[in-house]
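Working notes, structure below.
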Amino acid sequence: MIDRYLIENSEVLYAKDAITKVDQSDVNYFKQLSSNNLRNRVRLCTHLSSDNSLHEMIIVHGCEAYVRPHMHPGKSESTHIIEGIADVVVFDNTGGIDSIIRMGDYSSGRAFYYRMAAPIFHTLIIRSEVLVFHEATNGPFNRKDTVFAPWAPADDDRAAVSVFMSELSEKVANIT
């Protein structure tokens with residue numbers, strides 16, 4: 001299976017084929033990879049390079065994955081849940097909760113798709129053991145184009161991330 005992908009790093013793979021097909025065995029492989037890396041996540045990029053104008057990815061996050069609240073000025077983002085349950089938390093610019101999108105796969109009865117067409121701070125609270133989703137956004141990708149919320153801890157501050165996510169999860173659980 002690994003011969004079907006170019007491995008950029010422990011979190012990012014690129015599809016090699018002109019037609020990318022993803023099946024259950026691929027998703028199981030991505031789950032295994034995500035459970036074995038530090039940030040508990042992996043993505044298969046189905047676009048050929050970071051310079052492409054359209055980026056489509058199959059992404060797997062374990063429940064411990066932290067997605068630092070961020071926004072993408074000048075870009076749109078759409079997400080389609082394949083497996084799992086999550087809350088997408090949308091924030092105002094000061095870190096107040098603006099809205100919550102309760103998501104799951106189609107059979108869950110929750111929203112299974114969203115498109116965000118404006119630069120809005122957002123994050124994920126993963127409510128299942130694993131979350132598998134398809135994400136599309138416009139490229140090209142430049143890490144400097146992602147704006148991280150100044151009021152949210154950096155990925156490498158594990159203690160602060162744990163406190164932040166615990167408090168956020170409790171706040172979100174109390175919002176109907």
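When region 57-92 is examined, which residues are found to be charged (D, E, K, R) and surrounded by 17 or more Cβ atoms within 10 Å (Cβ to Cβ)? Give the derivation first.
As a first pass, look at region 57-92 and keep what is charged (D, E, K, R): 64, 68, 75, 77, 83, 87, 92.
Passing the criteria: Lys75, Glu77, Glu83, Asp87.
Which members of region 11-21 meet the condition of being β-branched (Val, Ile, Thr) and either assigned to a helix (DSSP H, G or I) or open to solvent by less than 60 Å² (accessible area, probe 1.4 Å) (or both)?
Answer for region 11-21, where residues must be β-branched (Val, Ile, Thr) and either assigned to a helix (DSSP H, G or I) or open to solvent by less than 60 Å² (accessible area, probe 1.4 Å) (or both): Val12, Thr20.
Looking at region 143-166, is at least one residue open to solvent by less than 60 Å² (accessible area, probe 1.4 Å), within 14 Å of the chain's Cα centre (by Cα), modelled with pLDDT under 95 and closer than 19 Å to His80 by Cβ? No, region 143-166 contains no residue that is open to solvent by less than 60 Å² (accessible area, probe 1.4 Å), within 14 Å of the chain's Cα centre (by Cα), modelled with pLDDT under 95 and closer than 19 Å to His80 by Cβ. All conditions but one from (1) modelled with pLDDT of 95 or more; (2) in contact with a Ser or Thr (Cβ under 6 Å, 6 or more places away or on another chain) apply to Gly139; the one that does not is (1).
The values are calculated or read from the model by the stated rules, or taken from the named source; none is laboratory data. Nothing here was measured: the structure is a model prediction, and the numbers come from that model. A quick note on method: Cβ atoms are made from the backbone with ideal geometry, for glycine too, and the neighbour counts reach across all protein chains shown. Accessible surface is based on the protein model in full, side chains and every heavy atom, while ligands, DNA and RNA are left aside. Shrake-Rupley method; radii C 1.70, N 1.55, O 1.52, S 1.80 Å.
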